[in-house]
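Report on the following structure.
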Amino acid sequence: MTNLTLYGESNWVSPWVLHAMVALEEKQLPYELQLVPLPIPTGQRAEFEDHAVLGRVPILRHGDVWISESLAISEYLAETFPIPNHPRIFPADLVERARARQVMSMLRTSLFALREARPTSSVFAVTKHNTTNNDATPLSPAASADAAELIRVATRLVQPGAISMFAHWCIADIDLGLALMRLVANNDSLPAPLATYARAQFARPSAQVYLRNVPDAASVG
């Protein structure tokens, strides 16, 4: 019995809850999912801050251990439930592992104009039904610059025809895939190999678990 609980937001639009859920699913770990409304009620936020230091979701509870922040959660799962008893979610090669962390850090700390213009509320619901959003407004100059930078980085990391950055899938692939799906889902220009790569991330059973729970019309992002 692993005694794991994942706290996620009830609107199903958080890219970081997606990351944490995919990590749990790829590790093949049983867990309980508890949904939290946003904004988080004062009493529950105080509980989260008391146990996990940072009072925002996703939060992983493992017995008496509470971990917030998605990357910290996947790192904790990778170290606490290692191979060979559980599948690997970070690359075995040290350079590739560093590169994966580099990509995940970049996606959490940049591309803000693109993320605002193409929120996950414009991604998850249409991706769930394998459609696209035909009503998206054109990207602003700042968002276009972010999109160009994302495409530049992804082109360096994903070889044509590949469905993972490295020889084997890793947790960074779901983050990069989601970033690219912001363009795919909104009919923005994207090289075909990157669109194929992005769709492959959401076709994984682990991501499908998340998408099945997404409301047909997400309201916020």
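Quick look at the numbers
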read-out	value
Sorted by Cβ density within 10 Å, fewest first, the residues D188, D93, D135, D173	D135, D93, D188, D173
Computed magnitude of the charge dipole of the chain (debye, nearest 20; Cβ of K, R +1, Cβ of D, E -1)	480 debye
Coordinate range along principal axes, alpha carbons of the stretch 1-146, Å, largest first	49, 43, 29
Span from the the stretch 7-25 Cα centroid across to the the stretch 150-213 one, whole angstrom	17 Å
Per-residue [θ]222 nm for the chain (sum of -39500 (n - 2.57) over DSSP H runs n ≥ 4, rounded to 500)	-15500 deg cm²/dmol
Centroid-to-centroid separation of the stretch 59-84 and the stretch 121-144 [C-alpha atoms, Å]	32 Å
Cβ-based charge dipole, the chain, positive-most Cα from G55, N187, N213	N187
Sorted peptide list for 196-202, 48-54, criterion being average Cβ within 10 angstrom, highest first	196-202, 48-54
Top positive-direction residue, dipole computed over the chain with Cβ charges, set V13, T155, L29	T155
Given charges at beta-carbon only (K, R positive; D, E negative), |dipole| of the stretch 58-156 in Debye	180 debye
Dipole magnitude (debye, nearest 20) for the stretch 17-84, charges at Cβ of Lys, Arg, Asp, Glu	140 debye
Label-point separation, A98 to N130 (7 Å along Cα→Cβ), nm	4.1 nm
Protection proxy ranking of 116-123, 179-186, 60-67 - average other beta-carbon atoms within 10 Å, highest first	179-186, 116-123, 60-67
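Just so you know, all these numbers are worked out from the coordinates, no wet-lab data involved. Remember, predicted model here, so these are calculated numbers, not experimental data. Backbone-built Cβ (ideal geometry, glycine too); neighbour counts: all protein chains shown.
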